[in-house]
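The values are calculated or read from the model by the stated rules, or taken from the named source; none is laboratory data. Quantities reported herein were computed from a predicted structural model and do not represent experimental measurements. Cβ: placed from backbone, ideal geometry, glycine included. Neighbour counts: every protein chain shown.
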Amino acid sequence: DVKVTQSSRYLVKRTGEKVFLECVQDMDHENMFWYRQDPGLGLRLIYFSYDVKMKEKGDIPEGYSVSREKKERFSLILESASTNQTSMYLCASSLEGGPAMGDTQYFGPGTRLTVL
Amino acid sequence: KNQVEQSPQSLIILEGKNCTLQCNYTVSPFSNLRWYKQDTGRGPVSLTIMTFSENTKSNGRYTATLDADTKQSSLHITASQLSDSASYICVVSASVTDKLIFGTGTRLQVFP
């Protein structure tokens, strides 16, 4: 079974802090993704990566950056956390190819981040 | 604009009953459609994936249908169980942009 783990289930930070969210997958997947999920909105793509050291902006990259130094690990960084970044953050991975090719994304359990 | 709309927003049913969730999309060009189940406090888990040529696909008590002409899909749950309580998310893939467009989900609650 594919396993995607996220470093924290719950996180509380203060405005202006630098925040690191870590994601690790154990199935040698090429692709990794970061989403945020807010009530009344569908999942929104923040950043994704199709290879080590490669990153692409998603639909809402502002205020975020990412790092992928190793294939199995994809980190989401909030350089200076703000209250509007309070959300559920979901990491996902997929084998290769893209969604249009039927590639299924496997999600982690999520990190609920609260910024005070 | 590529959009995915789901209905109803929420649904309450009694254990053992059937229910049907709806998904309408305007994504073009269409590649495939997925249904995900998301338990509270968990990440989404894929239930089914359907391509343009598939009308029906089953996964246990879950049956998804797709009408590519009317751009509608449904997820039918038979003989519901308490463990079916979750959010069900419809996700459509656009072939040109190779992106996933997520619906906002239907929150299903099954009571004994």
For this session: Could you list all residues from segment B:58-78 that are closer than 15 Å to B:Gln22 by Cα and assigned to a strand (DSSP E or B)?
Result: B:Tyr62, B:Thr63, B:Ala64, B:Thr65, B:Leu66, B:Asp67, B:Gln72, B:Ser73, B:Ser74, B:Leu75, B:His76, B:Ile77
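Residues checked against (1) under 11 Å from the mean Cα position of the chain (by Cα); (2) closer than 17 Å to A:Phe107 by Cβ:
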residue: B:Ile13; (1), (2): no, no
residue: B:Ser28; (1), (2): no, no
residue: B:Tyr36; (1), (2): yes, yes
residue: B:Ser93; (1), (2): no, yes
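Scan segment B:1-28 residue by residue and report those that are part of a loop (DSSP other than H, G, I, E, B) and among the aromatic types (Phe, Trp, Tyr).
Our first condition is that a residue be part of a loop (DSSP other than H, G, I, E, B); within segment B:1-28, this holds for B:1-3, B:8-9, B:15-18, B:26-28.
None - no residue of segment B:1-28 is part of a loop (DSSP other than H, G, I, E, B) and among the aromatic types (Phe, Trp, Tyr), so the list stays empty.
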Problem set entry | Residues of segment A:38-70 that turn out to be touching a Phe, Trp or Tyr at 6+ places or on another chain (Cβ under 6 Å) and aromatic (Phe, Trp, Tyr), as a count | 2
Exercise. Looking at this structure, is B:Val92 hydrophobic (A, V, I, L, M, F, W, C) and either touching a Leu at 6+ places or on another chain (Cβ under 6 Å) or surrounded by fewer than 20 Cβ atoms within 10 Å (Cβ to Cβ) (or both)?
Worked result: yes
Seminar exercise, completed: Pairing a residue in segment B:24-42 that is closer than 12 Å to B:Cys90 by Cβ with any residue that is among the charged types (D, E, K, R) and surrounded by fewer than 20 Cβ atoms within 10 Å (Cβ to Cβ), where Cβ atoms lie under 7 Å and the two sit 6 or more apart in sequence or on different chains, gives B:Asn24/B:Glu5; B:Asn24/B:Lys71; B:Tyr25/B:Lys71
Exercise. Do we have any residue at all in segment A:70-84 that's within 13 Å of the chain's Cα centre (by Cα), at pLDDT 95 or above and of a type in the set (Gly, Ala, Ser)?
Worked result: yes
Problem set entry | Meets criteria (assigned to a strand (DSSP E or B), of a type in the set (S, T, N, Q) and facing chain A (nearest Cβ under 9 Å)) for B:Ser31 | yes
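Mind checking which strands (runs of 3 or more DSSP E) fall wholly inside segment A:50-116 and carry at least 3 residues that are away from every other protein chain (no Cβ under 13 Å)? Walk me through how you get there before you give the answer.
Details: elements: A:64-70, A:73-78, A:87-94, A:111-115.
The qualifying strands (runs of 3 or more DSSP E) are A:64-70, A:73-78, A:111-115.
Here are A:Asp38, A:Asp26: which of them is more than 13 Å from the chain's Cα centre (by Cα), surrounded by fewer than 13 Cβ atoms within 10 Å (Cβ to Cβ) and not β-branched (Val, Ile, Thr)? Steps first, answer last, please.
Details: A:Asp38 fails: surrounded by fewer than 13 Cβ atoms within 10 Å (Cβ to Cβ).
None of the other options fit; the residue is A:Asp26.
Here are some residues: B:Arg61, B:Arg107. Which one is among the charged types (D, E, K, R), free of Cβ contacts under 8 Å to residues at least 24 places away in the same chain and more than 9 Å from every other protein chain (Cβ to nearest Cβ)?
Working: B:Arg107 fails: free of Cβ contacts under 8 Å to residues at least 24 places away in the same chain.
Unique residue meeting the criteria: B:Arg61.
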Problem set entry | From the options A:Val66, A:Val19, residue that is closer than 25 Å to B:Ile101 by Cα and buried (at least 16 other Cβ atoms within 10 Å of the Cβ) | A:Val66
